[in-house]
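This report concerns only the one structure given below.
Taken together, the values in this text are just the output of simple stated rules run on the coordinates, not laboratory data. The model shown is predicted, which means the values in this text are computed figures rather than measured ones. Note that we place each Cβ from the backbone using ideal geometry, even for glycine, and neighbour counts take in every protein chain shown.
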Amino acid sequence: MFSFDRGGIFEKNSSFVFMANHHSFTDTVDQIVTDGVIKGILHLHNEDECLSGNTLVLKGEKVVNFGSCSYLGLEFDRRLKEGVKQAVDNYGTQFSESRAYVSVRLYDTLESRLRALFEAAIVVVPTTTLGHIAAIPVLVGDSDAVILDHQVHNSVQTAVTLLKPRGIHVELLRHNRLDLLEERIKILRQKYSRIWYMADGIYSMYGDVSPVDEVRVLMNQYPELHYYVDDAHGMSCFGKHGRGYVLGRQPIHERMVVAASLNKSFASGGGALVFGDAEMARRVRTCGGPLITSGPMQPGALGAAVASAGIHLSDEIYSLQEDLHENIRYTNLLLGKYGLPAVSVSGTPVFFIGVSLPKMGYNMVRRMFNEGYYLNLGIFPAVPMKNTGVRFTITRLHTFAQIESMIGAMAHHLPQALADENISMEHIYKAFKMQMPEEKQIDAEVSSILNKADLRVVSLKSINEIDREEWDSMYAGKGSFDYEGMRFLEQTFSGNLLKENNWDFDYFFVKDRSGKTLLAAFFTSALAKDDMLSPAAVSMQLEKIRNEGDAYYLTSKVLSLGSLLTEGEHLYVDRTSPFWKDAMHLMFEKISALQEQYQAVTVTLRDFHHEDEEMDSFLVDNGYFKIRMPENHSIDKVEWTGKEEYLRTLTPSSAKHVKRYIFRYEEFYDTRVVTNPSPEEVNHWYQLYLNVKSGSYVINTFQLPFKAFENIVSGGHWDIITLSLKPGHEQAGETPGKPVAVMLNYISGDTYNFMIIGLDYRYQDDFKPYKQALYQVVKRAQNLGLKKIHLGFTTSSEKKKIGATIFTPVAYVQAKDNYNMAVLGNISVVEARL
Amino acid sequence: MKLTTGEFCLFNMKSRMQLLREKGKLLSRKIIDERHDLQLFMLWDFYVEVLRNYNEQKIVRVEPLYNTGLLNIYYGYPVL
């Protein structure tokens with residue numbers, strides 16, 4: 001249930017999909033990283049006096065480091081160290097002038113060597129990230145379009161955000177889907193001068209690669225296509241003179257820009273942009289923001305880079321590369337032999353063993369640490385929540401023995417961690433959409449059955465199959481989803497013409513041996529707009545597209561605990577039972593099955609108390625990320641009688657407001673509780689509702705079907721209030737007594753739920769029907785002797801004034817595919833406002 | 001974890017020697033001429049023959065020994 005302002009007007013009862021806003025995203029990242037810090041996995045510091053190989057001392061333990069991106073181990077090379085020393089001796093610890101004015105002369109040497117290395121025009125930059133920030137705003141013109149690979153590195157995405165204020169078209173492409181890329185090129189080339197496809201050479205988490213050869217074919221076919229690639233992880237490890245994965249496969253193209261890192265295998269720090277077109281390089285060197293206003297690479301790093309470039313230009317680089325590739329080959333062989341769920345096998349030094357949920361990631365990384373191996377936790381936001389994994393890198397410095405003992409340890413600990421966390425191997429393979437070895441699948445099923453033998457699951461498809469008393473004992477008074485409320489929902493959202501109005505219902509119970517219900521929940525699967533909680537400006541832009549014919553643009557199936565129309569504690573769980581978490585695990589399994597059955601992109605578990613730390617930790621560990629729901633409102637104790645007593649429950653300023661804007665106007669209205677409306681009346685109410693709905697973008701939902709109104713008037717738990725202006729106050733030509741507001745409310749137990757509102761906007765300024773409606777809802781609940789009023793989401797300022805308290809529930813979301821969310825995140829609000 | 005001979009042969013000579021050092025067991029050594037010797041290793045469940053220039057301490061060849069009939073040539077020498 002939602003309500004929200006639109007110039008003082010609001011809508012209620014909208015559907016519900018959670019689009020994490022920036023604040024929630026930061027909160028989630030903070031929570032996960034902080035959790036990792038607390039668990040001793042993240043934000044570590046080495047304790048060695050000095051480093052000389054691939055071991056580290058962390059937390060007092062010597063561990064083999066499988067997290068380094070210095071794949072060739074050049075950071076310990078004597079020549080690089082000497083280069084640093086000599087540069088610092090000659091030029092000092094820093095040369096603090098913008099490169100727009102003066103560069104230390106080592107730059108000349110380095111740039112000359114890098115030009116030879118890449119056989120192309122280059123620009124040296126302090127870091128690859130700053131390189132993106134320097135290059136992308138200069139390269140991409142106002143008449144260009146940008147297509148970002150969904151998994152392109154965050155630093156590229158960050159630089160692309162700089163294009164948004166210029167209204168440049170930016171869109172996302174599903175990872176490595178060049179068939180879709182071609183489709184988009186065909187469309188975009190009609191409108192845009194150039195199309196920039198931005199990708200990574202080697203993706204930093206899963207270690208998979210950009211299909212360089214295929215992109216080249218498209219570049220030859222479509223002259224508008226430009227290819228901007230971040231090849232940070234490929235630099236040095238591949239290609240002639242170590243020029244990287246991308247340029248190791250194909251020579252530079254005149255419409256290609258490659259960003260190489262000098263801060264990984266090159267072992268010096270810094271970065272280089274490589275251009276097929278020398279004029280592009282010149283413009284970036286001249287106009288790139290950080291190249292004008294930010295500091296340069298410092299002498300020490302330049303000294304190391306010059307020395308490293310010398311090695312790259314000699315044949316020695318091939319021997320170093322070969323050593324690395326032998327280690328990569330050995331690693332891939334062993335991963336296969338040990339049957340570990342490696343997410344990608346692509347011959348790169350980055351490996352990712354899928355473990356699915358964050359808690360498994362923590363468990364495995366901790367276990368491996370205890371065995372003497374430091375590996376990275378691959379976790380949200382770098383990967384989706386359900387795709388947590390153990391990321392590790394292989395360098396030239398690893399020995400076969402180190403690699404084998406590490407992989408052997410991982411194979412040993414994975415089953416134990418699975419048992420700890422009550423997760424099956426099948427779950428992991430499913431999460432990563434990988435084929436599971438058959439015999440392991442059988443083992444997992446047997447184990448799962450044994451573990452859960454004491455709990456019984458009951459799955460049902462309709463409220464009619466459930467005992468009314470049992471259901472209401474858990475849900476009466478908690479919202480509009482008691483037994484009758486569910487019947488209303490099932491009747492309303494089935495058998496409709498429009499697909500958004502047809503929902504799937506699933507009821508789920510976990511009972512113990514005695515038959516006692518430990519957990520109950522209902523789920524609905526329904527189509528929803530992905531931008532439901534996006535900024536209104538974004539929704540306005542999307543609605544324009546939808547109204548122009550693509551009615552279901554950026555919509556997707558959502559599996560919700562509860563429904564898109566209800567609000568409250570949908571999950572019943574007996575937390576006094578020692579088995580409540582086991583019951584929750586069974587629910588997660590059910591959710592996975594339903595998600596697959598309905599092809600739901602997102603799972604939303606909603607309306608949880610924000611201070612329930614145990615539940616919070618449990619859900620996050622199981623792969624859900626927390627987002628704050630909109631502010632919700634209720635009056636928890638309706639204990640007053642009469643206006644004066646009511647006013648005394650309010651703050652002085654609210655009481656003043658109520659007197660001035662509500663009581664003063666009350667005399668203009670006839671307030672009716674309607675029990676047997678005519679079809680014309682119902683039709684009018686629906687039109688009032690559509691008035692509100694049509695201009696509401698703050699929470700963007702599909703409109704309710706008319707059938708909902710028909711079912712409401714025939715349902716016993718609904719209470720309908722209308723506000724009509726007394727004769728003489730209606731506008732010219734209007735029928736006297738015609739309602740200007742309708743409030744549809746649901747009574748459950750001792751709770752009054754304000755569900756839907758319709759308004760005639762024309763009277764808003766003169767008679768303030770919205771404020772009046774809110775007050776009449778409160779007054780009606782009091783008249784009925786009800787104890788609590790749910791007033792729904794948003795319009796906080798109005799609801800606060802009539803005595804509501806504000807609370808912010810939280811929801812937990814799991815997205816199988818965050819593509820649409822990412823597309824939404826990249827829609828320019830500035831553009832949307834045009 | 002065992003590798004097969006086919007998998008062993010995926011690696012270059014340097015890596016094969018690393019595997020022999022880490023996993024193999026030297027069974028025997030036979031001097032071929034004034035510069036070269038042959039070393040026989042057991043690696044998991046197969047044999048590997050290493051041809052070495054012992055004057056220069058340089059490895060010339062590292063290959064699995066498929067023809068086990070040739071093992072007899074080693075038996076006349078003591079296992080090191």
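Against chain A, whose longest principal axis comes from its Cα atoms, helix A:78-91 is set at around 80 degrees.
Give the percent of DSSP beta bridges with both residues in the protein assembly as shown that are antiparallel, rounded to the nearest 5.
On the way: 109 of 136 bridges.
Within the protein assembly as shown, antiparallel bridges account for around 80 percent of the total.
The three principal axes of the Cα atoms in segment A:78-314 give end-to-end lengths of 57, 34, 29 Å, sorted in falling order. Give me the base-10 log of I(q)/I(0) for segment A:682-749 at each q in 0.22, 0.23 Å⁻¹, Debye formula, one uniform scatterer per Cα, rounded to two decimals. For segment A:682-749, the Cα-only Debye profile gives -1.04, -1.08. For A:GLY792, the residues 5 or more places off, or on other chains, whose built amide H falls under 5 Å of its own are A:HIS633. Quick one: helix A:128-139 against the long Cα principal axis of chain A, what's the angle to the nearest 10°, folded into 0 to 90? On a 0 to 90 degree scale, this one is about 70.
Using R0 = 60 Å, the C-beta based FRET efficiency linking B:VAL60 and A:ARG115 works out to 0.90. Annotation: the antiparallel percentage among DSSP beta bridges lying fully within segment A:78-314 is about 35. Segment A:614-634 and segment A:536-552 have their alpha-carbon centroids 29 Å apart.
For chain A, the longest principal axis of the Cα atoms and the long axis of helix A:22-38 meet at an angle of about 60 degrees. For segment B:5-75, the extents of the C-alpha atoms along the principal axes are 33, 26, 17 Å, listed from largest to smallest. Of all lysines in the structure, those lying under 17 Å Cα to Cα from A:LYS529, and not within fewer than 8 positions of it along the same chain, are A:LYS12, A:LYS499, A:LYS544, A:LYS557, A:LYS693, A:LYS816. Computed over every Cα-Cα pair of segment A:507-638 and binned at 10 Å starting from 0, the pair-distance distribution P(r) comes out as 10, 35, 33, 16, 5, 1 percent.
Peptides A:155-164, A:89-98, B:18-27, A:293-302: what's the order by average Cβ count within 10 Å, highest mean first? Mind dumping the intermediate values first?
Numbers: A:155-164: 19.0, A:89-98: 13.1, B:18-27: 16.6, A:293-302: 21.0.
Final packing ranking: A:293-302, A:155-164, B:18-27, A:89-98.
The per residue volume of the convex hull around the alpha-carbon atoms of segment A:754-801 is 89 Å³. Sorted ascending by nearby beta carbons within 10 Å, beginning with the fewest, A:VAL138, A:VAL638 become A:VAL138, A:VAL638. A:GLU596 label point, 7 Å along Cα→Cβ, cut-off 17 Å on backbone N: hits in segment A:369-405? What the label zone holds, given the 17 Å backbone N cut-off, is A:386-387.
Looking at segment A:650-723, the GluC sites (Glu not before Pro) that sit in a DSSP loop and have at most 11 other Cβ atoms within 10 Å of their own Cβ are A:GLU667.
Panel order for A:SER261, A:SER654, A:SER748, A:SER617, by other beta carbons found within 10 Å of each beta carbon, from fewest to most: A:SER617, A:SER654, A:SER748, A:SER261.
Please arrange A:LYS499, A:LYS816 by how many other C-beta atoms lie within 10 Å of their C-beta, fewest to most. Kindly include the intermediate steps, with their values, before the conclusion.
Details: A:LYS499 14, A:LYS816 21.
Result, fewest neighbours first: A:LYS499, A:LYS816.
Note on segment A:476-564: Cα-only Rg and Dmax are 16.9, 57 Å.
Entry note, chain A: relative contact order of 16 percent, from Cα contacts under 8 Å with a spacing of 6+ residues.
Can you give the translational diffusion coefficient of the protein assembly as shown in µm²/s, computed by Stokes-Einstein from the Kirkwood radius over Cα pairs at 10 °C and 1.306 mPa s? Walk me through the intermediate numbers first.
Working: Rh = 31.8 Å.
Estimated via Stokes-Einstein, D reaches 50 µm²/s.
Treating cross-link reach as a plain straight distance, find the lysines whose alpha-carbon is under 21 Å from the alpha-carbon of A:LYS643, omitting any fewer than eight places away in the same chain. Answer for A:LYS643, where 21 Å is the Cα cut-off: A:LYS656, A:LYS659, A:LYS768, A:LYS771, A:LYS779, A:LYS787, A:LYS788, A:LYS799, A:LYS800, A:LYS801, listed by chain and number. Ordering A:SER193, A:HIS413, A:THR127 by Cα displacement along the dipole of the protein assembly as shown toward the positive end leaves A:THR127 in first place; charges were set at the Cβ atoms of Lys, Arg (+1) and Asp, Glu (-1). Under 5 Å between amide hydrogens, built in the peptide plane, is the criterion, and for A:TYR228 it picks out A:TYR197, A:MET198, A:ALA199, A:VAL257 among residues at least 5 positions away or on other chains.
If only the Cβ of Lys and Arg carry +1 and only the Cβ of Asp and Glu carry -1, the dipole of segment B:5-75 around its Cα centre is close to 180 debye. Counting only residues at least eight positions apart within a chain, or on another chain, the aspartates and glutamates with an alpha carbon under 15 Å from that of A:LYS39 are A:ASP30, A:ASP621.
Proximity of backbone amide H atoms, modeled 1.01 Å from N, is registered between A:MET629 and A:VAL810, A:ALA811 at under 5 Å, excluding neighbours fewer than 5 places apart on the same chain. The alpha-carbon atoms of segment A:595-667 define a convex hull whose volume equals 197 cubic angstrom per residue. Across segment A:658-706, the convex hull enclosing all Cα atoms gives 132 Å³ per residue.
Note down the magnitude of the dipole of the protein assembly as shown about its Cα centre, charges +1 on Lys and Arg C-beta and -1 on Asp and Glu C-beta and zero elsewhere, to the nearest 20 debye.
Values: 98 positive and 109 negative charges, 252 e Å.
Dipole of the protein assembly as shown, to the nearest 20 debye: 1220 debye.
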